[in-house]
Structure formats: structure tokens, C-alpha cells
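Below: one structure, written as C-alpha cells.
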Amino acid sequence: MKLTTQEYLIIRQAVEKGARNIEDIKKIVDIVIVDDEYENEIQEVIKVVHKSKTICNCLNISLYQILKAKENGANTVEKVCETTKAGTICTRCKTLIADIIEN
């Protein structure tokens, strides 16, 4: 593992504050990507945090699942809901989904 414990914690905190990718992390913290292995480890931290953050509590749909749907072409709240089933029970998370799509 190339990431030190301190780097891991800094990156994790950046993701928890809203960073969704390496470019976002670079805007929040001073980090230099030294090689592909280092970048892959950062990507893994991002993925772990996104998988642990629940967007739809009714169906336990994670931020990672919403972002994956967006990446695969679901570019509206309706399409994300159709793809992931998030927002189809109580609909409270639709505002969060809209924010994720816009950003």
C-alpha cells in the first residue's frame, strides 16, 4: 500500500465532505499523484466511502450505486430511480438524487 495512514484519512475526509473523484480531492487537499498504483488506491478509498454512504434508506441504495447509474447514462432523477429503484418508496431521497445528477 502506497498511501500512508495520514494520507488515507485526509482523502477519506475529503470524500466525506463531498469530493466525488480525484479532481475534487485535489481541490480540497494538496495531493500529488505519484503513479498509477497510488491513483488506484485513492480510487479505492473513494469507492469504499461512496459504498458506505446511503442515499435511499428505504432500499439501502448507496451513493456509489447512484453515481454508477449516472455514469451509465441515467441523467435524470426519473432514470436514476428507474435504474436503481432509489426514490420509489417514500421519495424523500429524490432531492439528493437531483443534487448528485447536477454535480
Within segment 1-19, considering residues that are β-branched (Val, Ile, Thr) and touching a helix residue (DSSP H, G or I) at 6+ places or on another chain (Cβ under 7 Å), the one nearest to VAL34 (Cα to Cα): ILE11
Evaluate segment 38-56: report whether one residue or more is more than 19 Å from ALA14 (Cα to Cα) and in contact with a Cys (Cβ under 8 Å, 6 or more places away or on another chain). yes
Has segment 50-58 got at least one residue that is among the aliphatic types (A, V, I, L, M), free of Cβ contacts under 8 Å to residues at least 60 places away in the same chain and surrounded by 14 or more Cβ atoms within 10 Å (Cβ to Cβ)? yes
Select from segment 1-28 the residues that are assigned to a helix (DSSP H, G or I) and over 17 Å from the mean Cα position of the chain (by Cα) and write down the one among them that is surrounded by the most Cβ atoms within 10 Å (Cβ to Cβ). GLU7
So which residues in segment 70-93 are surrounded by 14 or more Cβ atoms within 10 Å (Cβ to Cβ) and within 21 Å of VAL15 (Cα to Cα), if there are any at all? LYS70, CYS93
Kindly indicate whether ILE42 is touching a strand residue (DSSP E or B) at 6+ places or on another chain (Cβ under 7 Å) and among the aliphatic types (A, V, I, L, M). no
Just one of (1) modelled with pLDDT of 95 or more; (2) out of contact with any Gly (no Cβ under 9 Å at 6 or more places or on another chain); (3) not hydrophobic (A, V, I, L, M, F, W, C) trips up LYS47, so point out which. (1)
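The values are calculated or read from the model by the stated rules, or taken from the named source; none is laboratory data. If you're wondering where the values come from, they're calculated on a predicted model, not measured in any experiment. Virtual Cβ from ideal backbone geometry, glycine too; neighbours counted across all protein chains shown.
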